[in-house]
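Here the structure comes first, spelled out in structure tokens, and everything after it is commentary.
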Amino acid sequence: MDHVDKFDAEFFGISPKEAAQMDPQQRLLLETVWEALENSNITSRSLFGSNTGVYMGMMNHNDYSNLKQRRENSSGKTHLDSTSDALSIAAGRISYFHNLKGPNITIDTACSSSLVAVHLACQALRSDEVSIAIAGGVNTILSSMINNAYSEAKMLSPTNTCHTFDEAADGYVRGEGCGVVVLKRLRQAIADNNNILAVIPGSAVNHGGRSNGISAPNGLSQEQVLKMALSAAQLSPSNIAYIESHGTGTRLGDPIEVSAISNVYSKHRKEQPQSPLYLGSIKA
């Protein structure tokens, strides 16, 4: 991302001194949440004091901490350091700025952080815990430290390309960005004339449990979560036309994921050869 250091601090009521201390990921979230609300035809003022929930995925706050630590070794710490790169504050600033009174959670589940954030937001809507939920995720790469560690572990592609489902698969590629969605119950979104981009009929989350390594996937657990998601959405495998896969671009992850998808969906597709299931990964 270009100009990740730029931020309209005055718009968000933040002093230039505090803005300079803030992790750029916090800045990006504030900006992108504002744009998501605009895109939804929702004003910030209309949410003031509401039980709107905020659920944000963020797995990397070490880069900015490390950069600041080197600077502070020569200049010393200030009172702003406690909020400048804390995971809790990443989501907390959003609720603070818009005066939102619902749950506020920053989630770190590694690669799935933003998707788990959306899942928890949907659960809160279904249980009537919140009337509106803001969910998303953010990631920036500000230091080579994590890249070096991942490279040594042979996780990153030395060719800088994610060769998903390819014999040439040699690792994944880290990326930067920020994405936010505003979620409501469908009937309420229709009544409020919101700009509806998609409908989420159901979701599911699980963990692989024991496998052949803490970072290695578990095929049976992947099959289970696919079945759980279909059940939550009250859909059958034949209703699904496309799957956006994790698609790590690794020789370990891709075969396990494709096998799990095949085991859940293939037997139904054999009965309907005219309705193929398309499989993709935006990483590639």
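Scanning segment 259-284 for residues that are open to solvent by less than 70 Å² (accessible area, probe 1.4 Å) and part of a loop (DSSP other than H, G, I, E, B) yields Q272, S275, P276, L277, S281. Taking the conditions exactly as written (farther than 20 Å from E38 by Cβ, outside any loop (DSSP other than H, G, I, E, B) and over 22 Å from the mean Cα position of the chain (by Cα)), does R210 satisfy them or not? So R210 fails the test. Looking at segment 213-249, which of the residues that are more than 29 Å from N39 (Cα to Cα) and of a type in the set (D, E, K, R) is least open to solvent (accessible area, probe 1.4 Å)? Applying the filter and picking the extreme gives E223. Answer with yes or no whether I256 is more than 23 Å from L120 (Cα to Cα), outside any loop (DSSP other than H, G, I, E, B) and open to solvent by 30 Å² or more (accessible area, probe 1.4 Å). Yes: the conditions hold for I256.
Does segment 167-181 include one or more residues that are assigned to a loop (DSSP other than H, G, I, E, B), out of contact with any strand residue (DSSP E or B) (no Cβ under 8 Å at 6 or more places or on another chain) and loosely packed, with under 13 Cβ neighbours inside 10 Å?
Pass one, segment 167-181, residues assigned to a loop (DSSP other than H, G, I, E, B): 167-171, 173-176.
Narrowing the set further to residues that are out of contact with any strand residue (DSSP E or B) (no Cβ under 8 Å at 6 or more places or on another chain) leaves 167-170.
Cutting the leftovers down to loosely packed, with under 13 Cβ neighbours inside 10 Å gives us 167-168.
Yes; the residues of segment 167-181 include at least one that is assigned to a loop (DSSP other than H, G, I, E, B), out of contact with any strand residue (DSSP E or B) (no Cβ under 8 Å at 6 or more places or on another chain) and loosely packed, with under 13 Cβ neighbours inside 10 Å.
When segment 5-47 is limited to residues that are in contact (Cβ under 8 Å) with a residue 40 or more places away in the chain, assigned to a loop (DSSP other than H, G, I, E, B) and surrounded by 15 or more Cβ atoms within 10 Å (Cβ to Cβ), the one that is nearest to the chain's Cα centre (by Cα) turns out to be D23. Does I190 count as over 23 Å from Y172 (Cα atoms), among the β-branched types (V, I, T) and without any contact (Cβ under 8 Å) to a residue 24 or more places away in the chain? Criteria met by I190. Residues of segment 197-212 that are among the hydroxyl-bearing types (S, T, Y) and either modelled with pLDDT of 95 or more or open to solvent by less than 40 Å² (accessible area, probe 1.4 Å) (or both): S203 alone. Quick check: anything in segment 74-89 touching a Gly at 6+ places or on another chain (Cβ under 7 Å), modelled with pLDDT of 85 or more and either open to solvent by 40 Å² or more (accessible area, probe 1.4 Å) or closer than 14 Å to Q26 by Cβ (or both)? Checked segment 74-89: no residue is touching a Gly at 6+ places or on another chain (Cβ under 7 Å), modelled with pLDDT of 85 or more and either open to solvent by 40 Å² or more (accessible area, probe 1.4 Å) or closer than 14 Å to Q26 by Cβ (or both). Of all residue pairs spaced 6 or more apart or on separate chains, those with beta-carbon atoms under 9 Å, a first member in segment 55-79 that is in a helix (DSSP H, G or I) and a second member that is at pLDDT below 80 and open to solvent by 100 Å² or more (accessible area, probe 1.4 Å) are K68/K77. Candidates are the residues of segment 119-164 that are open to solvent by 30 Å² or more (accessible area, probe 1.4 Å), part of a helix (DSSP H, G or I) and modelled with pLDDT of 95 or more; the one that is farthest from S88 (Cα to Cα) is R126.
The values are calculated or read from the model by the stated rules, or taken from the named source; none is laboratory data. Remember, it's a predicted structure, so these values are computed and weren't measured experimentally. Reconstructed Cβ throughout: ideal geometry from the backbone, glycine too, with neighbour counts over all protein chains shown. In case anyone asks, the SASA skips ligands and DNA or RNA and just uses the protein heavy atoms, side chains included. Shrake-Rupley method; radii C 1.70, N 1.55, O 1.52, S 1.80 Å.
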